[in-house]
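Student: Structure below; questions to follow.
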Amino acid sequence: MLFLSKFFLMKFTVLIALLSVSTAFYAQIDTASLDSSEPKKSWALKSIFGVNGTQTSFVNWAAGGRNNVSALGFIEATANYQKNALKWQNEFKFALGGLRYIDSTGKKDGLQKTDDKIDLSSTFGYEFKKTWFYTVTAGFKTQSLNGFSFPNDSVRISTFMAPAYVNLSIGIEYAPKEYFNMYISPLAGKMTIVNDEVLANAGAFGVEKAILNTDGSVLTAGKRIRNEFGAYFRVKFQKEIMKNIEMKTRVELFSNYLNNPENIDVNAENIFAFKVNKWFSASLQWNLQYDDDIAIRDSKGNTGPRTQFKSVLGLGISYTLANKAK
C-alpha cells in the first residue's frame, strides 16, 4: 500500500505537469490566433482539464460513517482537422483518482482507486457525398495503476497494459451535424492485451489461460494477446442542450465474427457537464460495459460475464482552452 500511495502521488505529479504544459501550449495558440496576418487555420484545438475533490469527516455522528478524502484529476483534449473533403479527428482522455479512509486517530487506510483511464482515438474520413464519409478509425485504451479487488486489497486484478485494448476498423460515417455522427464498420479488428504474467496465466480479460501440471506448475504460459475480427458500430452525440449544460453520449457495439457473434460487446458512456463559471463545474457520468469474454466474480462467488456499471458525480475546478478552425 505504501508503494501504491507513492506511485499514485507520482502519477498525480505527472498529471499536474501535463496540465501546466497544456496551459502554456494552448495559451500560445490563442495568442497567435489574435494576429489577423495569420493564415486561415484548418485545425480546431480544445483542451479541458480539472481537479475534483471531496473531504468527509464525522464526529459523534449517530448514523455512522468513515472519515475520508478523495481527489480526481482529468484531461480531455481534441485536435480536429477539416479541409475540403478531408476530415481528421483526434481525441485524448486521461483520468486518475483515489480515495483514502482515515480513522478517528488519524490512521490512514490504503489508497483505493476511484478512476483510472487512458483513452486515445483517431478518425480519418473522406467525404464522398454530403455528410457521408469513407472512414478509418483507430483506438487505444488502458489504465495507469494496479487495480485491486476490495476489501481484499492483496488481490491484483488489473494493471498498466493489462488490460489494454487496440481497435482498428474501416467503414462509413454519417455526420449530418457537428454534434452528431454515426459510424458502422463491417471490417473491424479488436486486440486485447494482458501484458502481465499472473493475469495472463489466469486467463483474465478473455485471453487463453495457462495449462497447468497436476502439481499446479505452469506447463504452457497463458496467452497475452487475444485477437478478434468482426463488425463495429458507434454513435456519438455532444451538444449544449440547455444554457451551461452539455450532454455527451457515446455508444459502441462490437460483434466477433469468429466466436459467438450473437454476444455483442457494449461500451456506453453518458455525461452531463454543468458549467458554473469559467473555473467551477460539475458533472454526472454513467458508464455501462458488457463483454462476454470477461469473467467477473459476484458476491456469492459465482463467476461469469456480467454487466458492468459505474457512476461518478464530480464537483471541482476545470478550465477550457480552445482554438477553432477558421
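The values are calculated or read from the model by the stated rules, or taken from the named source; none is laboratory data. This is a predicted model, so every value here is computed, not measured. Quick reminder, even Gly has a Cβ in these numbers, built from the backbone with ideal geometry, and neighbours come from all protein chains shown.
Student: If I ask for residues that are at pLDDT 90 or above, assigned to a strand (DSSP E or B) and over 13 Å from SER318 (Cβ atoms), which ones from the stretch 262-288 would you list?
Tutor: Result: ASP265, VAL266, ASN267, ALA268, GLU269, ASN270, PHE272, TRP286, ASN287, LEU288.
Residue-wise test of (1) surrounded by 16 or more Cβ atoms within 10 Å (Cβ to Cβ); (2) within 23 Å of VAL194 (Cβ to Cβ).
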{"residue": "THR214", "(1), (2)": "no, no"}
{"residue": "VAL218", "(1), (2)": "no, yes"}
{"residue": "GLU228", "(1), (2)": "yes, yes"}
{"residue": "PHE237", "(1), (2)": "yes, no"}
{"residue": "MET242", "(1), (2)": "no, no"}
{"residue": "THR249", "(1), (2)": "yes, no"}
{"residue": "SER255", "(1), (2)": "yes, yes"}
{"residue": "ASN267", "(1), (2)": "yes, yes"}
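Student: Another question, if that's okay. Can you tell me which of (1) of a type in the set (Asp, Glu); (2) more than 16 Å from GLY206 (Cβ to Cβ); (3) surrounded by 12 or more Cβ atoms within 10 Å (Cβ to Cβ) is the one ASP298 doesn't meet?
Tutor: (3) is the only condition that ASP298 fails.
Student: Just to be sure I understand, how many residues within the stretch 140-158 are modelled with pLDDT under 95 and either closer than 16 Å to ARG234 by Cβ or in a strand (DSSP E or B) (or both)?
Tutor: 5
Student: Can you find a residue that is out of contact with any strand residue (DSSP E or B) (no Cβ under 6 Å at 6 or more places or on another chain), free of Cβ contacts under 8 Å to residues at least 24 places away in the same chain and farther than 20 Å from PRO305 by Cβ anywhere in the stretch 180-200?
Tutor: Narrowing the stretch 180-200 to residues out of contact with any strand residue (DSSP E or B) (no Cβ under 6 Å at 6 or more places or on another chain): 197-198, 200.
Restricting the remaining residues to those that are free of Cβ contacts under 8 Å to residues at least 24 places away in the same chain gives none.
Checked against the condition, which is being out of contact with any strand residue (DSSP E or B) (no Cβ under 6 Å at 6 or more places or on another chain), free of Cβ contacts under 8 Å to residues at least 24 places away in the same chain and farther than 20 Å from PRO305 by Cβ, the stretch 180-200 yields no hits at all.
Student: So is LEU313 of a type in the set (A, V, I, L, M) and either over 18 Å from the mean Cα position of the chain (by Cα) or buried (at least 17 other Cβ atoms within 10 Å of the Cβ) (or both) or not? It would help to see each step written out before you state the result.
Tutor: Working: of a type in the set (A, V, I, L, M): yes; either over 18 Å from the mean Cα position of the chain (by Cα) or buried (at least 17 other Cβ atoms within 10 Å of the Cβ) (or both): no.
Criteria not met by LEU313.
Student: I've got another one for you. Checking the structure you have, find out if any residue of the stretch 274-291 is more than 22 Å from ASP115 (Cα to Cα), among the basic types (Lys, Arg) and more than 19 Å from the chain's Cα centre (by Cα).
Tutor: Yes, the stretch 274-291 contains a residue that is more than 22 Å from ASP115 (Cα to Cα), among the basic types (Lys, Arg) and more than 19 Å from the chain's Cα centre (by Cα).
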